[in-house]
Ligand SMILES: [Zn+2]
């Protein structure tokens, strides 16, 4: 996912992958990256890991990051 330029921006970025339904296999596995303006960065790869990651990591980090908990922050 590092070659995917939008993932260099802050936020949650998900690459949904590509599944070949005739071959019953992933041609490109799903991947995700969460990057905060504070420098926090985490990645996940694979169907299960991306699902768990997107459901928990961004919200958990936002709840504790001073860039999101400071007055006036989004
Ligand atoms: Zn942060």
Describe numerically, in nm with one decimal, the distance between label points set 7 Å from Cα along Cα→Cβ at residue 8 and at residue 27.
-> 2.7 nm
Compute the semi-axes of the equivalent ellipsoid of segment 6-66, taking the square root of 5 times each eigenvalue of the Cα gyration tensor, and list them largest first in whole Å.
-> 26, 12, 6
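No value in this document is a laboratory result; all are computed from the given coordinates. Quick caveat: nothing in here was measured; it's all calculated off a predicted structure. Cβ coordinates were reconstructed from backbone atoms using ideal geometry, including for glycine residues, and neighbour counts include every protein chain displayed.
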